[in-house]
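Quick note: the coordinates plus some simple rules give every number you see, no bench work behind them. Computed from a prediction, not measured in an experiment: that's the story for all the values here. As a convention, Cβ positions derive from the backbone with ideal geometry for all residues, glycine included, and neighbour counts pool all protein chains shown.
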Amino acid sequence: MKTYRKLVVAHAKLFLREPIALFFTIAFPALLLTLLGIVFGHGNVPYPGEDFGYIDQQVPALAGIIVGTIALHSIPVITANNRERGILRRLKASPMPAWQWIAAEISVNFVVAVLSLVLLIIIATYAFGMRFAGSWGAVLIGFTLSAFSFMALGYLVASLAPTPRVATAAGQILYMPMFMLSGAAIPLMLMPDGVQSVARWLPMTHVVIVLQSLWLGGEWAMRSIWVLVAMLAVGGVLSARLFRWE
Amino acid sequence: MPPVITVQHLTKRYGSFVAVDDISFAVQQGEIFGIVGPNGAGKTSAVETIMGLRWPFEGTVRVLEMDPHQQRKELAERIGIQLQEAELPHRLKVWELMELFSGFYRKSIPYPPLLETWGIWEKRNSRFEELSGGQKQRVFIALSLLNDPEVVFLDELTTGLDPQARKQTWAMVEQIRAQGKTVVLVTHFMEEAQTLCDRVAIIDGGKIIALDTPQGLLNSIDGQSGLMIENSPEMDMALLQALPTVERVELSNGVVSIYGNADNLVSSVVLALEQHRIPMRNLRTVQPSLDDVFITLTGKALRD
Ligand SMILES: Nc1ncnc2c1ncn2[C@@H]1O[C@H](COP(=O)(O)OP(=O)(O)O)[C@@H](O)[C@H]1O
Ligand SMILES: [Mg+2]
């Protein structure tokens, strides 16, 4: 426990001293929400025939961006760098069980993700009059599943990528289509049918669906839940097997 | 007391490439044991296998009577490790790194005195990325001593340091041993091994080609020590060659080199020259180095 606590403190400090990660995981989603809210928010008036407006569906959607950024930017790039520079090697030479390093990293990233989402909720509530029709406990469960499922994907990318450059590129290649097409940035219902059917194959779409359903009516979107559970299981098992310390 | 390290017929392969080829040796408590050889000789492969960081391997290795692979974690509690290629998180400060690594061991010693001893206490609030090469090396040494280890492995400790920092680091290694610890020093600098080590294993092409005290290794090569004198008209090469202590006399570039291994070589030569009133201008002695030993044994020069 002493080891784990010290590892968490170290990871937290490293995160706070990494300005780019800090910007993209905390500031970027908040700025995006503010910008989208100003341009498209229209006072958060409900859509015709619905009891929710633009802002109400956009906050849970942006949760997809938060978990995507952490999983596909932070984790692969930082892990590949730590590996290439021999940091992981030095850690593994100590008696510390190496998985604790990863566990602490996951813990810190999860806390960061929750804080980033809380920041969105605060901005949406006070600046744009967000409505919320679900339960916060359920949202926390759905968000936790989303974050862990995506982090499993992130460690899989980190395990497979031979160099930091490949890790960065692979993360981007996975992230960009999800950013554009998953409904995280642009509401899915505004997209043509063709795009919507492609979007079904993107994991981030399922984060958006799960969290929007919980947010707007407290419903569990079971199909999407299973997709995320499957990604967590497969990503977790594969990266545990394939992870390389050097 | 059993040896601290016993290595029997250790072979380490990467695929079909044999990096370490059937080496055997033992290291005694309190020794500074050197493993020297050119780059690519297999030193790091050997020593990291012995520390339990690389497997599989063939042969038997015991460190502190433990199997380094089966009991890796237990062994890691009791050895100090400075790897040839390693880094630490750049944005952690020196004291934070010490604090973090303290948490990795069941028992660790307080780090402030360690930082003081190794001259980096003033740098405790600097981030790792802000340190010079020598300071980083000190951090690695301090980290390797944090668990008060019984054996310390130092791999290419002084590579990349300027000559002054290198000399300081040598003094630190002496200090580690003075605390009663056993040191395994891996280096491609023959001079470093000659200065610091009680015994030296010279490795080339994955094999141990010689293992002895530095003096023993130097004595093993004949005709390399002697003295040099500036040539003069009065010089009598035949006279010198006839001395029982002298094995060989050479003249080149106006310098006479007189080789021999006898302990009284210098005094007998000086006496003979004195008696025949032959001037001894610029007399100096020639000491062979471990570099000469390596060249003699392998027929090739050490590359840096
Ligand atoms: N992980 C590895 N995989 C394949 N070959 C390696 C590996 N590590 C070292 N080698 C090779 O083994 C040989 C010995 O390397 P090394 O043990 O690092 O030597 P030294 O430390 O004496 O410079 C070199 O030819 C090197 O290229
Ligand atoms: Mg080496």
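Worth pointing out:
- Directionally averaged projected area (the stretch B:62-167, Cα convex hull): 6.9 nm².
- Listed by chain and number, the aspartates and glutamates whose C-alpha is less than 16 Å from the C-alpha of A:Lys92, apart from same-chain residues fewer than 8 away, are A:Glu84, A:Glu105, A:Glu246, B:Glu48, B:Glu74, B:Glu77, B:Glu85, B:Glu87.
- As a proxy for reagent exposure, A:Trp101, B:Trp55 were ordered by neighbouring Cβ count within 10 angstrom, fewest first; the result is B:Trp55, A:Trp101.
- Highest average packing first - B:23-32, B:79-88, Cβ atoms within 10 Å: B:79-88, B:23-32
- Spin-label pair B:Lys107/B:Gln175, simplified geometry with 7 Å Cα→Cβ offset, distance in nm: 2.3 nm
- Only lysines eight or more places from B:Lys123 in sequence, or on another chain, were considered; those with a Cα closer than 17 Å are B:Lys93, B:Lys136.
- Charges were assigned to the Cβ only: +1 to each Lys and Arg, -1 to each Asp and Glu. The resulting dipole of the protein assembly as shown about its Cα centre is roughly 1620 debye.
- In this rough spin-label picture, where each label sits 7 Å from Cα along the Cβ direction, the A:Phe23-A:Ala233 distance is 4.0 nm.
- Relative contact order for the stretch B:225-287: 48 percent, from Cα pairs under 8 Å spaced at least 6 residues apart, divided by residue count.
- Chain A: DSSP helices with Cα axial extent of at least 24 Å and average Kyte-Doolittle hydropathy no lower than -0.5: A:99-128, A:136-160, A:164-181, A:222-242
- Pairs of Cα atoms nearer than 8 Å and 6+ residues apart set the relative contact order; for chain B it is 20 percent.
- Distance cut-off 35 Å, percentage of C-alpha pairs in the protein assembly as shown lying past it: 53 percent
- Volume in Å³ per residue [convex hull over Cα atoms, computed for the stretch A:103-246]: 123 Å³
- Antiparallel DSSP beta bridges within the protein assembly as shown, as percent of all bridges there, nearest 5: 65 percent
- Amide H within-cut-off set for B:Ile203, under 5 Å, with H built and near neighbours excluded: B:Val36, B:Gly37, B:Ile209
- In terms of its C-alpha gyration tensor, the stretch B:225-287 has a rounded overall shape, because the principal axis ratio a/c (a ≥ b ≥ c, square roots of the eigenvalues) stays below 1.5.
- Qualifying aspartates and glutamates (Cα of each under 12 Å from Cα of A:Lys2; at least 8 residues distant if same chain): B:Glu99
- Calculated mean residue ellipticity, 222 nm, chain A: -24000 deg cm²/dmol, from DSSP H runs (n ≥ 4) at -39500 (n - 2.57) each, averaged per residue and rounded to 500.
- Cβ neighbours within 10 Å from other chains - mean over A:85-92: 6
- Electrostatic tally near A:Arg244: other residues with Cβ closer than 13 Å to its Cβ, Lys and Arg +1, Asp and Glu -1, net +2.
- Rounded to 10°, Cα long-axis angle of helix B:163-178 versus longest principal axis of chain B: 70 degrees
- Mean-position separation - Cα centroids, the stretch A:99-166 and the stretch A:206-246, in angstrom: 11 Å
- Size descriptor, Kirkwood hydrodynamic radius, that averages inverse alpha-carbon separations across the stretch B:169-304, Å: 17.1 Å
- Karplus (6.51, -1.76, 1.60) ³J(HN,Hα), θ = phi - 60°, over the stretch B:71-84, in Hz, Gly and Pro reported as x: 10, 4, 5, 4, 5, 4, 5, 10, 10, x, 10, 10, 8, 5
- Applying 0.36 nm per residue to the separation of A:Leu31 and A:Trp99 and subtracting their alpha-carbon distance, the gain on full extension is 21.0 nm.
- Once the Cβ-Cβ distance of B:Asp148 and B:Thr11 is raised to the sixth power relative to R0 = 25 Å, the FRET efficiency obtained is 0.15.
- Computed 3J(HN,Hα) for the stretch B:265-281, one whole-Hz value per residue from the Karplus formula 6.51 cos²θ - 1.76 cosθ + 1.60 where θ = phi - 60°, is 4, 4, 5, 5, 5, 4, 4, 4, 5, 4, 4, 9, 6, 8, x, 10, 8, glycine and proline marked x.
- In order through the stretch B:104-117: 3J(HN,Hα) via Karplus (6.51 cos²θ - 1.76 cosθ + 1.60), integer Hz, x for Gly, Pro: 7, 10, 4, 9, 9, 8, x, 7, x, x, 4, 5, 5, 4
- Based on alpha-carbon atoms, the Kirkwood radius and the radius of gyration of the stretch B:5-219 give Rg/Rh equal to 0.96.
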